[in-house]
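Heads up: the structure comes next, in structure tokens.
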Amino acid sequence: MTTRPRPKVAFFDFTSCEGCQLTVVDLLQDHPELLDAVEIVEFREAMSEKLPLDERYVIAFVEGSCTRQSDEARLKSIRERADLLIALGACADLGGVNAIRNPFPLQEVREYVYGEKADWYETYPARPISAVVKVDAAIPGCPIDRDEFARAVTHLLQGRMPNLPDYPLCIECKSRGTVCMYQRGQACLGPVTRAGCGAVCPAYGYGCEGCRGFVPSPNLESMREVMREAGVSDEEIESRLRIFLTYQMMELEGATS
């Protein structure tokens, strides 16, 4: 009997904390069937082996945002060798926390972080990987949701794309019986944030910060008004919106290139 070869899967990291990859490592300890279904051929967090530079893979998961000009060539090489390229987590999907610096003059940011060695380090405005290459799908979050990743891999192996919710996080709060954060005196970005994480932060008493990105056509002015009515200052509103969503905010404002 001929054994059908398992699809080759690789994980790559750019500018990130690598928490999404650690979530995958943790998940695989409980889901050995996923390891039986694929051949992981590159994964720096879990193995030392690396693919030859000219070898292909069926799925490439990329964590982290693109923050240097030199990142682009590596990212394009990954794209050329992958049948499917999946953005893994908020940094790869949205630009993430790394993009907080984007509204500020880059040289000022470099000097603030690196001082007199500012020119030693290559950098440019942080971008999601979709700003550089075609992305076939995304698994959002900071970090990603374990169960959502397992479902996404199953779908991909079946020839289907991951199906992300297009409704706001508030729906999940209601379905699990979580009292609205605004009724508890806290601000929350749930009304404009894509669901799919099970509304875990509000369930533990902490307002959503938007790490899964906006729902389609978010009503940001209404969101701002709701937050003002809850006593949140305009400065704090913008600060909350830009923790994970700076790149998307700048896109809406026409300020990205």
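The values are calculated or read from the model by the stated rules, or taken from the named source; none is laboratory data. This one's a predicted model, so the numbers in the text were calculated from it and none came from an experiment. Cβ coordinates were reconstructed from backbone atoms using ideal geometry, including for glycine residues, and neighbour counts include every protein chain displayed.
What are the residues in the range 212-234 that are touching a Leu at 6+ places or on another chain (Cβ under 8 Å) and buried (at least 19 other Cβ atoms within 10 Å of the Cβ), if any?
R212, G213, F214, M223
So for the range 175-182 (the condition being under 28 Å from F104 (Cβ atoms), modelled with pLDDT of 95 or more and not in a loop (DSSP other than H, G, I, E, B)), does at least one residue qualify? If you could, list the steps in order and put the result at the bottom.
Of the range 175-182, the ones under 28 Å from F104 (Cβ atoms) are none.
Within the range 175-182 (the criterion being under 28 Å from F104 (Cβ atoms), modelled with pLDDT of 95 or more and not in a loop (DSSP other than H, G, I, E, B)), the answer is no, since none of the residues qualifies.
When the residues of the range 1-17 are narrowed to those that are under 17 Å from F149 (Cβ atoms) and crowded, with 18+ Cβ neighbours inside 10 Å, which ends up nearest to the chain's Cα centre (by Cα)?
Keep residues of the range 1-17 that are under 17 Å from F149 (Cβ atoms), which gives 7, 9-13, 16-17.
Still in the list and also crowded, with 18+ Cβ neighbours inside 10 Å: 9-13, 16.
Details: V9: 19, A10: 17, F11: 14, F12: 13, D13: 12, S16: 10 Å.
Across the range 1-17, the extreme among qualifying residues is S16.
Can you name every residue in the range 204-257 that is within 17 Å of M181 (Cα to Cα) and not in a loop (DSSP other than H, G, I, E, B)?
Passing the criteria: S222, M223, R224, E225, V226, M227, R228, E229, E236, I237, R240, L241.
Would you pick out the residues in the range 44-67 that are more than 18 Å from the chain's Cα centre (by Cα) and not aliphatic (A, V, I, L, M)? Reasoning before the result, please.
Of all residues in the range 44-67, those more than 18 Å from the chain's Cα centre (by Cα) come to 44, 46-58.
R44, S48, E49, K50, P52, D54, E55, R56, Y57 - these are the residues of the range 44-67 that are more than 18 Å from the chain's Cα centre (by Cα) and not aliphatic (A, V, I, L, M).
Go through (1) within 19 Å of K8 (Cβ to Cβ); (2) within 19 Å of the chain's Cα centre (by Cα); (3) in contact (Cβ under 8 Å) with a residue 12 or more places away in the chain one by one and return the number of the condition H155 breaks.
Result: H155 passes all but (3).
Could you pull out the residue among D71, D119, D93 that is under 30 Å from G207 (Cα atoms) and among the charged types (D, E, K, R)?
Just one listed residue meets the conditions, D93.
What number of residues within the range 176-200 are in contact (Cβ under 8 Å) with a residue 24 or more places away in the chain and either surrounded by fewer than 13 Cβ atoms within 10 Å (Cβ to Cβ) or of a type in the set (S, T, Y) (or both)?
Residues meeting the conditions: 5.
Can you run down the residue pairs with Cβ atoms below 9 Å, 6 or more apart or on separate chains, where the first is in the range 134-145 and under 21 Å from G159 (Cα atoms) and the partner is among the aliphatic types (A, V, I, L, M) and in a loop (DSSP other than H, G, I, E, B)?
D136/M161; A137/M161; A137/L164; A138/L164; I139/L164; P140/L164
Residue by residue, here is whether (1) in the same structural domain as P143 (by TED's automatic domain parsing); (2) closer than 25 Å to C142 by Cα; (3) of a type in the set (A, V, I, L, M); (4) in a strand (DSSP E or B) holds:
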| position | (1), (2), (3), (4) |
| --- | --- |
| C17 | yes, yes, no, no |
| L22 | yes, yes, yes, no |
| V25 | yes, yes, yes, no |
| E72 | yes, yes, no, no |
| E80 | yes, no, no, no |
| A87 | yes, yes, yes, yes |
| P103 | yes, yes, no, no |
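Quick check on my filter: what residues within the range 57-71 are of a type in the set (A, V, I, L, M) and surrounded by fewer than 21 Cβ atoms within 10 Å (Cβ to Cβ)? Give the steps one after another, and end with the answer.
Narrowing the range 57-71 to residues of a type in the set (A, V, I, L, M): 58-60, 62.
Passing the criteria: only V58.
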